[in-house]
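Since the structure comes first, as structure tokens, the remarks are kept for the end.
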2 protein chains.
Amino acid sequence: MNWKQLFPQFEPELIEVIEKEAVQRSFNAGDIIMRTGQYIKSTALVLEGQIKIYRENEDGGEFLMYYLVPGQACAVSMICALQSHTSEIMAKAEEDTEVLMIPVQLMDDLMNKYKSWYQFVIQTYRGRFDELLSVVDNIAFRNMDERLEFYLKRYTDKTGKKIIGLSHQQIADDLNSSREVISRLLKKMEQRNMVKLHRNMIELI
Amino acid sequence: MNWKQLFPQFEPELIEVIEKEAVQRSFNAGDIIMRTGQYIKSTALVLEGQIKIYRENEDGGEFLMYYLVPGQACAVSMICALQSHTSEIMAKAEEDTEVLMIPVQLMDDLMNKYKSWYQFVIQTYRGRFDELLSVVDNIAFRNMDERLEFYLKRYTDKTGKKIIGLSHQQIADDLNSSREVISRLLKKMEQRNMVKLHRNMIELI
DNA sequence: GTAATGCTGTGATTTCTGTCACATTGTGAG
DNA sequence: CTCACAATGTGACAGAAATCACAGCATTAC
């Protein structure tokens, strides 16, 4: 696939270098790409698919932070790579996913040489930071009904689809809630004509 | 004061430039340093005092994200400055505070020329990102009692003091809770011999 | 078809936290 | 000292959400 379209801001020489040095890699839906405590040796640019960035608690709860979609990069891996720290989060391929892995050694070099890369990194930091902020906002200030609405909206915004192919249980996990609560709230939303419920699928109206 | 000791990692030329170009500024306890929606024209290095970074909700609730203490810098202002975006958070001087303001125009230059500045910026991003992550962890997975313990611990860790000079109301605000709840939980902690309560002051044991 | 399994719906109950109401206590101003 | 006020203590109640228990339906495997 032609990945350059996903990163139109990159200057030609930068694209060349990446093309030469980066490694393309595929993950199947469900693959764990990065886990808590793991050392990072490279940064990933998402080409295709969707990556879920989440935090795991002791009981195995998977609290969703945000999704990475094509054209985005993982801020955490950038930071960790540049400092050889371990990551504090988990990354999982939600669908079959293609990524470009940029080795750590290259990062410093790119930062120095290519303005567009530097810009991209800064922009990535900011984007993820903002997403984290809005996550904090939601759990700090909102009730579950509003959080659920936000969750569904964000999902369709990111993917562009009006159909959400998730079970109530999966949504509950992402919001660190319980299935029953989510089912009830969804039912209420259906009564208010905001969604249509099907098995393993929610249709946003 | 000799601010260089606070930033021992800075190379000598960098220190010179900062000394020449940066402006020192004082804030009184309670001053708002940055507010939501405001454009940022410079980054702040904290020299003395303490800055509270928080998020405000509609009802005026002040939800604490983290504190900045001497030797640290504001990651948000860096990102915003570099992108001329508005900030999404509030910053307030908790005590009388001294900061060094680095103008935006200088930032790009420093990033390119001084490795130690670049390292510092990356490290700042990572530090704040991690703090945000642990905030998310806490509100997502913990009950108020654990969050309170974490809050008190973090406070003493940052300041080095075993004494916390805050009213129950202020703590409740920071945790987006209510005074009564905090009072009760503190009482329980006192019974378990974890703290000693005084008026406007909590002593950690 | 039948059984097994997974997803969804729903009531009853419990726990945590927020809210209201009001009492008590410490502190500083006059 | 006395008054005013801010900080704290405490009981009663309300609401959101978690948990438990179980039923009904779809889908898949056989």
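The values are calculated or read from the model by the stated rules, or taken from the named source; none is laboratory data. Fair warning: this is a prediction, and the values are worked out from it, not measured in the lab. Positions of Cβ are backbone-derived with ideal geometry, glycine not excepted, and every protein chain shown enters the neighbour counts.
Note on the stretch A:175-191: among residues that are in contact (Cβ under 8 Å) with a residue 12 or more places away in the chain and away from DNA strand D (no atom under 12 Å from the Cβ), the one that is nearest to the other protein chains (Cβ to nearest Cβ) is A:LEU186.
Within the stretch A:158-176, is there a residue that is more than 15 Å from DNA strand C (Cβ to nearest atom), assigned to a helix (DSSP H, G or I) and either within 29 Å of B:ARG128 (Cα to Cα) or in contact with a His (Cβ under 9 Å, 6 or more places away or on another chain) (or both)?
yes
On the stretch given as the stretch A:60-72, residues that are touching a Lys or Arg at 6+ places or on another chain (Cβ under 9 Å) and modelled with pLDDT of 90 or more total 8. If you go through the stretch B:141-155 and keep only what is hydroxyl-bearing (Ser, Thr, Tyr) and either within 7 Å of DNA strand C (Cβ to nearest atom) or away from every other protein chain (no Cβ under 14 Å) (or both), you end up with just B:TYR155.
Residues in the stretch B:177-205 that are crowded, with 17+ Cβ neighbours inside 10 Å and either among the small types (Gly, Ala, Ser) or within 15 Å of DNA strand C (Cβ to nearest atom) (or both): B:SER177, B:ILE182, B:LEU185, B:LEU186, B:MET189, B:ILE202.
For the stretch B:46-56, the count of residues that are surrounded by fewer than 18 Cβ atoms within 10 Å (Cβ to Cβ), farther than 24 Å from B:PRO12 by Cα, of a type in the set (Asp, Glu) and at the interface with chain A (Cβ under 9 Å from one of its Cβ atoms) is zero.
Being more than 9 Å from DNA strand D (Cβ to nearest atom) and within 25 Å of B:ASN57 (Cβ to Cβ): is that true of A:ASP145 here? When the stated conditions are applied, A:ASP145 does not pass them.
Residues in the stretch B:102-145 that are of a type in the set (Asp, Glu) and closer than 26 Å to B:PRO12 by Cα: B:ASP108, B:ASP109. Taking the stretch B:158-174 as the range and being without any contact (Cβ under 8 Å) to a residue 60 or more places away in the chain and of a type outside the set (A, V, I, L, M, F, W, C) as the test, the residues that pass are B:GLY160, B:LYS161, B:LYS162, B:GLY165, B:SER167, B:HIS168, B:GLN169, B:GLN170.
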